[in-house]
Every structure is written in C-alpha cells, then in structure tokens.
1. From the list 270, 252, which one is over 16 Å from the mean Cα position of the chain (by Cα), closer than 23 Å to residue 229 by Cβ and not assigned by TED's automatic domain parsing to the domain that holds residue 152?
2. How many residues does the range 97-144 contain that are in contact with a strand residue (DSSP E or B) (Cβ under 8 Å, 6 or more places away or on another chain), within 20 Å of residue 196 (Cβ to Cβ) and among the hydrophobic types (A, V, I, L, M, F, W, C)?
3. Please determine, by comparing only the residues of the range 233-260 that are hydrophobic (A, V, I, L, M, F, W, C) and more than 21 Å from residue 302 (Cβ to Cβ), which one is surrounded by the fewest Cβ atoms within 10 Å (Cβ to Cβ).
4. Given the conditions (1) more than 17 Å from the chain's Cα centre (by Cα); (2) closer than 30 Å to residue 55 by Cα, report the number of the one that residue 222 does not fulfil.
5. Right, residue 265: small (Gly, Ala, Ser), at pLDDT 95 or above and either part of a helix (DSSP H, G or I) or in the same structural domain as residue 77 (by TED's automatic domain parsing) (or both) or not?
6. Do any helices (runs of 4 or more DSSP H) entirely within the range 1-83 hold 3 or more residues that are surrounded by fewer than 21 Cβ atoms within 10 Å (Cβ to Cβ), and if so, which?
7. Could you run through the range 283-336 and say how many residues are touching a helix residue (DSSP H, G or I) at 6+ places or on another chain (Cβ under 9 Å) and basic (Lys, Arg)?
Amino acid sequence: MKIAVIGAGAIGGLVGARLALAGEDVTFLVRGANLDAIRNRGIRLVEMDGRVQVAAGVRATDDYDAAGPQDIVIVALKAHQVADVAGRIGRLFGPRTIVVTMQNGIPFWYFHRHGGPFEGRAVHSVDPQGDLARRIPPERILGCVVYPAAELMSPGVIRHIEGERFPLGELDGSTSERALAVSACFQHAGLKAPVLEDIRAEIWLKLWGNLSFNPISALAHSTLVDICQHPLARDLAANMMREAEAVAAKLGISFRVTLDRRIAGAEKIGKHKTSMLQDVEAGRGPEIDALVGSVIELARMTDTPTPHIDSAYALVKLLEQTMTEARGGVRLQFRVRPDGSDPSSSLLGVKAC
C-alpha cells in the first residue's frame, strides 16, 4: 500500500518505520531536521530489545503535492498541530484514501456518525472553526487509539519503549473491509491492531488516565509512580477520573476496567514523565485542550459538574500563558548540597529554559 505518515515524532516514526520494514511504500510528510535526517539516512528504529533496524527506502518530503494520492494517510501529530496541515492534507487524497487519526484526547470527529442527540456536533476545543471537519471528511476517517510508548531520540531516530497495540474502529461501529485491510497491514508490520465495534469507548479508556495524570504531572513535575503513590495526588487523580466517568456515562460509554485498576496500571509504568510534562520542560505548548478542555466541553453539553477537572485545566492554561510570555519551558533545577548528599534532595527552583 501507499502510505503517508504525517509527522515523524515518536509514534509516527515508530509506525512508519515498522510499515516500511514490512515492505509498504511509505512517505513521511515532515520538515526541518527530521526531513533532512530521513532523506539522508532513512529512519532508524531502536527496538525494545535493543536491536536497531533502518528503513532506508522510505521517502521524506514537505511537499504534499509531490507525495501525491495515497491509500492510507496516518496523521501522527498532536491534536493541536493538526490544524497546521489541514489545508494541505486533501492533496494526499485519492478516491478511496483512508485517514487514520492517532491523536490523544477527544477527536474533532467524535460526534460524526455517532447517532443520538449530539449527532454531527462540533468539538470546539479541538476544532474551533470547524476547519478540520471540513477538510478531513469524516467518511474517510478510521479512528485509532495509541497505546505504545516511544521516544524521538534525535532526528530520524526512534526508540520503541513498550507496547504494540493500536486498536482501530469505524466511526459508525461497523466492521468494514477497509478497517480489516488496515488492521491486516498493521499486523503484518508487527503491530497489534484489532478492529473494535466501539472505538469511542477505547478513546475514553485511554483518556481516562491522560486527563488526570498529564496535568498533575505537568504542574507537580512528577512521574506517574510519584503521583500514584502520593495520597493527596492519587485522590485528586481519582476525583478527576470519577468526574470524567460521569461525563462518559451520559454519552453512553462504560469502562471495561475499574478506576483502581486504571490507576494501578499507571503506577506500574514507574518513573515515567507524561507527554505534557515533557512538553512543559521543553517549552512546547501542552496538549491541554484535547486532553482536558474537550472533556469540560462535553461536561457542559451533558450538564455534568467537573470541579476538579476545571481546576486542573485552569492551572495548566495559566502555566501555558506563562510559558508563552517567557518564551521558554519550566524545569526543576537541582544542585548538590554542600555536604555532598543526593542532588535530588535539594530543590533549587524553576526557570524558563
């Protein structure tokens, strides 16, 4: 298949490399250092067992016209970055092109082909002007939930940390031939891609942890295990998750795992910095609206109170404003104490970086 991967960050790089290594015709739509690296050296994938594989035959370009029509377009950008490419993505469309969306949080297409009282409703927190829905027709979209963890080590070099599961689903819940074809393509590349009847329930299951752990981590500069093992932080996460569960229930969603099991799963990951904390430290805009603002928007639609979620959202939005004004990120700084004790025990402060 001809497959375009928009973005060659951690997840886009992982998926694109695996597909190329499996023999698919892969083109990366990228820019900057990633573009130069992939053009010159291909894309390098460091697997979980330490093996290094190089997909040397991939193409990389920033010219959507040059890439031409594709069978599959994988949008592997963060939710707030999709608008930057929406005006060009149509150049990749042929008569039957499938668009696989790999964004965290509530997607812009959530209520399209949904049925019920909110059918066709826009999610303004992720698509304020409706541009995404106009430029990426819902009938082309195949939903996807991303569970693996990966890291962009340097331009064109991806480290696969854990996980291989990318559940897929049609927006109307059908088991279509095209969904099965994409699933088979992914599985041939060594990725687990079951076709689900309710992709929205799977979106909520992942979002359930993201909407709590990400903002808490970004604000407290703490890892997942730190949050889960701190009684007050754990209670805050649980309260945010209960509020989200109430919103989801009003939209017909039920969770297949318990709240305690979801928290335990996060704790098991260990000393892992969430993506939002990594963004804050690097000076990148946090993915707050797709992960948290969208849940608040759905809460207002369904008349569901969300005081804990609202508070966390307000604080991260203030942090985002501070970062924008300072043109930098925020990172904890440590120093060795005069007595030579552990530097992690002496907090110096925070700074823009």
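1. Working: 252 fails: closer than 23 Å to residue 229 by Cβ.
Just one listed residue meets the conditions, 270.
2. Final tally of qualifying residues: 8.
3. In the first step, residues of the range 233-260 are kept if they are hydrophobic (A, V, I, L, M, F, W, C); the result is 233, 236-238, 240-241, 244, 246-249, 251, 253, 255, 257, 259.
If we keep only those that are more than 21 Å from residue 302 (Cβ to Cβ) as well, we get 233, 236-237, 257.
Details: 233: 19, 236: 19, 237: 27, 257: 11.
So, considering only residues that are hydrophobic (A, V, I, L, M, F, W, C) and more than 21 Å from residue 302 (Cβ to Cβ), the one surrounded by the fewest Cβ atoms within 10 Å (Cβ to Cβ) is 257.
4. Every condition holds for residue 222 apart from (2).
5. Working: small (Gly, Ala, Ser): yes; at pLDDT 95 or above: no; either part of a helix (DSSP H, G or I) or in the same structural domain as residue 77 (by TED's automatic domain parsing) (or both): yes.
Taking the combined requirement at face value, the residue does not satisfy it.
6. Details: elements: 10-21, 32-41, 64-67.
Helices (runs of 4 or more DSSP H) meeting the threshold: 32-41, 64-67.
7. Final tally of qualifying residues: 4.
This table checks each residue for (1) surrounded by 19 or more Cβ atoms within 10 Å (Cβ to Cβ); (2) at pLDDT 85 or above; (3) among the β-branched types (Val, Ile, Thr).
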{"residue": "275", "(1), (2), (3)": "yes, yes, no"}
{"residue": "285", "(1), (2), (3)": "no, yes, no"}
{"residue": "298", "(1), (2), (3)": "yes, yes, no"}
{"residue": "316", "(1), (2), (3)": "yes, yes, yes"}
{"residue": "320", "(1), (2), (3)": "no, yes, no"}
{"residue": "337", "(1), (2), (3)": "no, no, no"}
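The values are calculated or read from the model by the stated rules, or taken from the named source; none is laboratory data. Here the structure is a predicted model, which means the values were calculated and not measured. Note that we place each Cβ from the backbone using ideal geometry, even for glycine, and neighbour counts take in every protein chain shown.
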